[in-house]
Structures are given as C-alpha cells and as structure tokens.
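To start, the structure under review is shown below, and the notes come after it.
The values are calculated or read from the model by the stated rules, or taken from the named source; none is laboratory data. Owing to the predicted nature of the structure, the values given are computational and were not obtained by experimental measurement. Note: ideal-geometry Cβ built from the backbone for every residue, glycine included; neighbour counts use all protein chains shown.
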Amino acid sequence: AAVEKNTEEQRWSTYIVHMAKSEMPASFEHHLHWYDSSLKSVSDSAEMIYTYDNVIHGFSTRLTAEQAQTLESQAGILSVLPELKYELH
Amino acid sequence: TTRTPEFLGLDKSPDMFPDSNSASDVIVGVLDTGIWPESKSFDDTGLGPVPSSWKGECETGTNFTTSNCNRKLIGARFFSKGYEATLGPIDTSKESKSPRDDDGHGTHTASTAAGSVVDQASLLGYALGKARGMATRARIAVYKVCWIGGCFSSDILAAMEKAIEDNVNVLSMSLGGGMSDYFRDNVAIGAFAAMEKGIFISCSAGNAGPSSYSLSNQAPWITTVGAGTLDRDFPAFVSLGNGKNFSGVSLFRGNSLPGKLLPFVYAGNASNATNGNLCMIGTLPPDKVAGKIVLCDRGVNSRVQKGEVVKEAGALGMVLTNTAANGEELVADAHLLPATAVGEKSGDIIKSYLFSDPNPTATILFEGTKVGIQPSPVVAAFSSRGPNSITLEILKPDIIAPGVNILAGWSGNVGPTGLSIDSRRVSFNIISGTSMSCPHVSGLAALVKAAHPDWSPAAIRSALMTTAYTVYKNGQKLQDTSTGKPATPFDYGSGHVDPVAALDPGLVYDLTAADYLSFVCALNYTSPQISSLAGRKFTCDASKKYSVTDFNYPSFSVVFTSGGGSKSNVVKYTRTVTNVGSPGTYKVSLSSENPSVKISVEPASLNFAAINEKKSYTVTFTEVSSLPLNSNSFARLVWSDGKRNVGSPIAFSWN
C-alpha cells in the first residue's frame, strides 16, 4: 500500500498554469472562479497552491502529467509549465 | 561587507551618495533563505520612518515575530507552500517555517546589498574592518523562498508577486535554474512583470564557469551579474620537506600545527576507495592518516566536508588541491582543521614530491589577511560565461562585481562552514559565488536609484554598464583566473562595476516595456508565448519589421554566418542614447582586436543641448573576412565628451 501510495504520489507534480485573463468567459464573475472551474474540469481533488495576478495571471497546483496535458489544451490556457527547482549561486 | 566599499571607491565619495531621504526611501527586496534579524547589519539607528510607499509586512512564524522587523528590515515574508506540496510539511525542528534564515546565505546577500555600518566586523579575525552594505541607508525586505530542499518556482513566483505588491524598488535574486527560453522561465516571467512596474532586477549569472554558454538568468530585462575577485587574500603556505613553499588560501582559525614538518600523505594512496583522492565520507582509513597532513583533490563533495572527513580520520591537517576544473582559482574556507587550498599547478608539483620522496613531510603556515593584492579584480573561474545561450545577439553577462571571499552577515543557526558538526557561531562569514556579486549590484543600483529617482531600471542598468571598467590602472585588460590571460566581454560583459562613475554616466541606453515586447516580437515569439511572458494579450504588428539589432541594449553582440560566401555580411545596429548629464558634444571612438570586421558609426558625434534629449546613431558592421565557425572577436565603442566615457563592448561571433 505504501509503495502504491508513493507511486501514486510520484505521479503528481506541481505545475504553474498561465491563463489568458482576457479570454475569461463572460459567464464567470471573477477570474478565480474561472481558474477553479478550469482546474476542476481535469481534477476533482486538485487545489490551487497559489494564485498569481501581478507576475502572471494564473495559479499553481498539483496534477498528473495527463491532467496537465488535458488542461493545457483547453481554451484560455496559455501554458502549463512544470515547476522548476532553482539553486542558490 | 568589508573591503569592497573601499575597492569600489564608495568610501572616497560619500558626498556623492546622498544621505538624504531619497537614499533611505529605496527598498531592496531579497529573495533568498530569509534573514537573521538580530545581525547588527540590520540595526536601524539613524533611519527615519518607513517610507510611505511601503505596503509590505513582517510575517510571523517559527522564532520570528513582527518585533523582529524595524526601520531597516521593513519587511519579511516566507513562501513554502510549493516546497511543502512537493516535499511534505516542513519539520520545524529542522528548519524555521518563518522568514528566519537557518542557512546564512540570505543574511549574507541582504547585508551585502544594504546592511548598516558595523565596526570591527570579521570572521574569526579574518577580513577585519568596518562592514557595510552597498546602500547603507536603503531599506531591506526579505522574501524567503529557499529551503533545505531547494527553491521552488511556484514559491519564487509567489514571492515576486508579493514584492511587486509591496512596492520594492530593487529585486535581488542570487538563484537560478535551467536555461529554458524566457517564456518558460518563471524567474524571467516574474522579472518581466517587475520590470514593467519600474523595479530593477539583478540576478546572479551562475557558478558554472569557466565553460562558455554557462549563464543563468539571461533575459535582457534582468541585470546578469558575474563575479570578480577583490584586492584581498588570506594566504596560507604549504611548506614541504624539500624546502619548497606553495601559496594557498585559508580561513582556518584554531590550534595551529606543531612547529615542525609532519608526515604528508596523498589521500589517493592512503585510501582503498576508487575515488579515495577526494576525501569523501568513509574513504580515509585512520591508521593510514592519523597524525599526518593529507592531500585531497577538489571535486564531488564540498571543500569543507573534505576537511571534516580528514579531521574525523585523526589527521592533523589538509592540503586541498584544485583540479583542471578550477585551475588557479583559490577560494578560502573556514575549515575545522588546519587546512589550505592550492591551485592546480602547485597541486601537481606537490603530488610529484609526495610520489617521489620516501618520507614526504609538510606543514602549513597561516598568514592572516592581506590587502592590496594585484592584479584585481580578476574574473572568477567559477563565474558563468557567455555567449547568451538563448539569444546570441544579447551580450551577457552584463557586468561583474566582487564575488570571491566576501565577508557579510551570517545566520546564528549555523556555523561558518555550514557543516552540522560545526558548532561555532559567527556574526559574519566569508563565502564566494555570483550569489555574492549579485547583491553588490542590487545595492549599487539602489544607490543610483536614490541619486536619480526618476530613472527607469534600464537606465540604471545602462549607467552601471557603460561606466564599468575593462582595464587595470596600468592599461592592461582585466584577467581571467581560469586562463591567467586577458578576459573577454563573454566573461565580464561591459566590465567591472564602478559605482562612482555610474552616478554620472553622461548618456544612457533606455528601454521601456514596449521595447522589450518589440524584442520578443523580433524573436518571433507567438502570441501565446508573449502573453505567457507579459501576462497580457499582445500581438506583434505584422506591418513592422522587428529586429534584435534595433533593441536599445547598452552592449553589442554581432552574429555572422561563418563562411558567409562571397556576399560579405553587413549588419546595421541602431541605438538611441539619452543625455542625463550636462549639455555637451560626444564623439565616438572605436577599438577592435581583429580587422576581420570593419566598423563605422554614423553620425560620429552627437551634440546635446539639454538634459533628457535623445539622439540616435547607427553602427555598421561589415565582415571583411570570415572567421572559422565558433570564432569570436571583440571590439569596443565609446562615446566621450572628454569627461565622461560611455563604453559598450562589441562581441563578434561566427556561427
């Protein structure tokens, strides 16, 4: 079970989702609702880790590679970038 | 820091750096491992109220409360959700889930950029002096994004998001990762947004030198900072039984060696392990090294860990020798046992003595701190090098600044070596890296910003670049540690920073967000890529012919097609300079090391009647003869009014 959980865990990675804010459907009052709806369309359980509005328009979340790929193909999604680990110099 | 203020000339011209409010209204944001608020470098004596522009906060967490902030340290935040999402909840018995710095790196960089004056600062007596940041009156806001397990981009973006909201003026980021295209690099994306808000961003160039194409943080809206040496050293000689002496460096402080020659052994001979020469954990048999001095090779594990391994094995001292990867670069460490670091050449001679003498002996003589070392600055071997692997036509790094053996503030939770067994606690530590040169430029940018509050980040960067120097006082070119020969603009960009000159640069190459968008249009970015980068919909004008050669960068990088056939390559670059000094006439001068490219400038003189007046000029590069593939050649273009020199390096590449 532990191995299975670990394997399951490993399937999930953090992604940074860049949204085309200007393409938010009129049916949404607030872009956060749109973000949440987009996320829920690929995963019932995924939560937003951060939302961004200055540096980018979007959010970060944990997804499987398949979910990330599905999300990226949706309208209004500019890119779904895998999280990078940066090093101190 | 001690010594760098004098080395940079900051002590000679205090009146040039206004102590007025403008200097204390500049806010430097530092994304790093947090801060040790008790450090004297963050004392706020003499500072007025927190600037009214400030919107940030002092967050509470493990061993950190709002009372840890003051009028110097005006903001402290931490970002760990991305880190915890990947590695699980932070174990607060191991690291502080708060802005508190458990590592030392963040305290070091923050105090370098804007630390208050601290008298009698030193590391165990080394580098003793008056420590101060570059911008002693600037305010500091820290954003902890680096943890034991690393610095995660979702946390970095969240911190940049907040730093923009909080209204920092300068962002200092001594971190990097990967070399992906700008629209896929979250630091570059965040930096674009910050630049649009008028924030100056300086980043470390990376420590992957001396290989070429080894830079991090190459985006043109980021100031990319390489590392050079100071005129200070910490000599510790190796004295061999055959009477020969070899210079090395060390920050060891403690019980010195017995005043006699000691048995000397090469780790590679004492160990049975395949890489026994590296003094890695578990590879040194005590019966072979106890009571002796051990020669270890650099590589794989950290230098200080090698010292720990040698000490644990019962040896009395260590000589650490460079390999080809580091050449003659000597970085000093506060080892736990008497130890010194020697260059590759010395190491080879010492080894041949070890292998030939039946009873080799040695000792180490410590000489403390020496200043006035020449030549200096020298480009650090580890400093990452150009060309720019993403956009060849943008010359990077931009500039170099002191980054070798830099003393600055340190955390109270970790010893000077960073080793868990190092129970010493110090207020200041000496470490090296482009992590150290970056905050120097961040602090100097804050000084320029204080003197010229209305200048854009691009104008500030231009002033720092066009006034940088590329030759020593004797006219010789700056050297490169890794070759012992003259360095090139791919090593030092526009040269070594000269803050006093940067305050009065004469002309600046300014850039707006629109110019950067035209730049990415010239790179043929698609609309989604531009939207990812710029965070808004933007479509390049199909009727316009965008070209990187029109991008108003303060340096030049010209790319020719090698063997370009009979048609000689002719490339025209356009530049626009803004007069930020007194009215005057600037005349251009050109110098080139290779006649293979003819350079002409039109017009050859620019006459400015008023401040903020803009004039354009065109440089035509005509390839007279093609050089072989991957050749490089360099030239220099300088506008001068007889008092101020506005210098730009020109790099030619044949691809």
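Summed over the stretch B:29-56, the residues that are under 28 Å from the mean Cα position of the chain (by Cα) and either charged (D, E, K, R) or assigned to a helix (DSSP H, G or I) (or both) give a count of 7. Look through the stretch B:499-519, keep the residues that are in contact with a strand residue (DSSP E or B) (Cβ under 9 Å, 6 or more places away or on another chain) and assigned to a loop (DSSP other than H, G, I, E, B), and return whichever of them is nearest to B:I199 (Cα to Cα). Top of the filtered list is B:D510. Taken over the stretch A:34-85, residues that are out of contact with any Lys or Arg (no Cβ under 6 Å at 6 or more places or on another chain), within 11 Å of chain B (Cβ to nearest Cβ), of a type in the set (V, I, T) and free of Cβ contacts under 8 Å to residues at least 60 places away in the same chain amount to 4. When the stretch B:471-490 is limited to residues that are touching a Phe, Trp or Tyr at 6+ places or on another chain (Cβ under 9 Å) and more than 21 Å from B:M134 (Cβ to Cβ), the one that is surrounded by the fewest Cβ atoms within 10 Å (Cβ to Cβ) turns out to be B:Q479.
Residue by residue, here is whether (1) basic (K, R); (2) in contact with a Pro (Cβ under 6 Å, 6 or more places away or on another chain) holds:
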position	(1), (2)
B:K345	yes, no
B:S352	no, no
B:S356	no, no
B:P360	no, no
B:E367	no, yes
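Restricting the stretch B:612-649 to residues that are among the basic types (K, R) and within 16 Å of B:T576 (Cα to Cα), the residue that is surrounded by the fewest Cβ atoms within 10 Å (Cβ to Cβ) is B:K614. Taking the options B:S527, B:S518, name whichever one is under 30 Å from the mean Cα position of the chain (by Cα) and within 22 Å of A:H57 (Cα to Cα). Residue meeting the stated conditions: B:S518. Just one of the listed residues (B:L464, B:L511) is surrounded by 21 or more Cβ atoms within 10 Å (Cβ to Cβ), of a type outside the set (S, T, Y) and closer than 30 Å to A:Y52 by Cα, and it is B:L511.
Table: residues versus (1) within 19 Å of B:L175 (Cβ to Cβ); (2) in contact with a Cys (Cβ under 8 Å, 6 or more places away or on another chain).
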{"site": "B:T33", "(1), (2)": "yes, yes"}
{"site": "B:E38", "(1), (2)": "no, no"}
{"site": "B:T60", "(1), (2)": "no, no"}
{"site": "B:K72", "(1), (2)": "no, no"}
{"site": "B:D102", "(1), (2)": "yes, no"}
{"site": "B:V117", "(1), (2)": "no, no"}
{"site": "B:A121", "(1), (2)": "no, no"}
{"site": "B:A131", "(1), (2)": "no, no"}
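Counting only strands (runs of 3 or more DSSP E) that fall entirely inside the stretch B:541-655 and contain at least 1 residues that are free of Cβ contacts under 8 Å to residues at least 60 places away in the same chain and of a type in the set (D, E), the qualifying elements are B:597-602.
When each of B:R139, B:R132, B:R100 is tested for being surrounded by 24 or more Cβ atoms within 10 Å (Cβ to Cβ) and farther than 19 Å from B:S202 by Cβ, the lone residue that passes is B:R100.
Restricting the search to the stretch A:15-60, which residues are of a type in the set (A, V, I, L, M, F, W, C) and within 10 Å of the chain's Cα centre (by Cα)? Within the stretch A:15-60, A:I16, A:V17, A:M19, A:L39, A:V42, A:A46, A:M48, A:I49, A:F59 meet the criteria.
Conditions tested, residue by residue: (1) touching a Pro at 6+ places or on another chain (Cβ under 9 Å); (2) closer than 24 Å to B:S111 by Cα; (3) within 14 Å of chain A (Cβ to nearest Cβ).
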position: B:A445; (1), (2), (3): yes, yes, no
position: B:A450; (1), (2), (3): yes, yes, no
position: B:P457; (1), (2), (3): no, yes, no
position: B:T470; (1), (2), (3): yes, no, no
position: B:L478; (1), (2), (3): yes, no, no
position: B:S494; (1), (2), (3): yes, no, no
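Of the residues in the stretch B:519-526, at least one is within 14 Å of another protein chain (Cβ to nearest Cβ), of a type in the set (S, T, N, Q) and more than 23 Å from B:R636 (Cβ to Cβ). Counting only helices (runs of 4 or more DSSP H) that fall entirely inside the stretch B:104-198 and contain at least 2 residues that are within 11 Å of another protein chain (Cβ to nearest Cβ) and within 18 Å of the chain's Cα centre (by Cα), the qualifying elements are B:105-114, B:186-196. Scanning the stretch B:244-301 for residues that are in contact (Cβ under 8 Å) with a residue 60 or more places away in the chain and among the charged types (D, E, K, R) gives B:K244, B:R253, B:K260.
Yes/no matrix, rows are residues, columns are (1) within 20 Å of B:E393 (Cα to Cα); (2) in contact with a helix residue (DSSP H, G or I) (Cβ under 6 Å, 6 or more places away or on another chain):
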| residue | (1), (2) |
| --- | --- |
| B:K598 | yes, no |
| B:N607 | no, no |
| B:S616 | yes, no |
| B:V638 | yes, no |
| B:K643 | no, no |
| B:P649 | yes, yes |
| B:S653 | yes, no |
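For the stretch A:18-33, residues that are away from chain B (no Cβ under 14 Å) and among the charged types (D, E, K, R) total 1.
Checking every residue in the stretch B:351-362 against the condition of being modelled with pLDDT of 95 or more and within 30 Å of B:T33 (Cα to Cα) gives zero matches. Only one entry in B:A332, B:A325, B:A339 is in contact (Cβ under 8 Å) with a residue 24 or more places away in the chain and over 30 Å from B:T488 (Cβ atoms), namely B:A339. All told, B:Y266 falls short of being surrounded by fewer than 24 Cβ atoms within 10 Å (Cβ to Cβ), on the phi > 0 side of the Ramachandran plot and among the hydroxyl-bearing types (S, T, Y). Among the residues examined, B:A446 does not qualify as more than 18 Å from the chain's Cα centre (by Cα), surrounded by 24 or more Cβ atoms within 10 Å (Cβ to Cβ), closer than 26 Å to B:N552 by Cβ and not basic (K, R).
The residue list B:G327, B:G317, B:G347, B:G343 contains one member that is at positive phi and of a type outside the set (D, E), which is B:G327. Residues of the stretch B:199-222 that are touching a residue at least 60 places away in the same chain (Cβ under 8 Å), at the interface with chain A (Cβ under 10 Å from one of its Cβ atoms) and crowded, with 24+ Cβ neighbours inside 10 Å: B:C203, B:S204, B:A205, B:G206, B:S216.
Scanning the stretch B:367-405 for residues that are basic (K, R) and touching a helix residue (DSSP H, G or I) at 6+ places or on another chain (Cβ under 8 Å) yields a total of 1.
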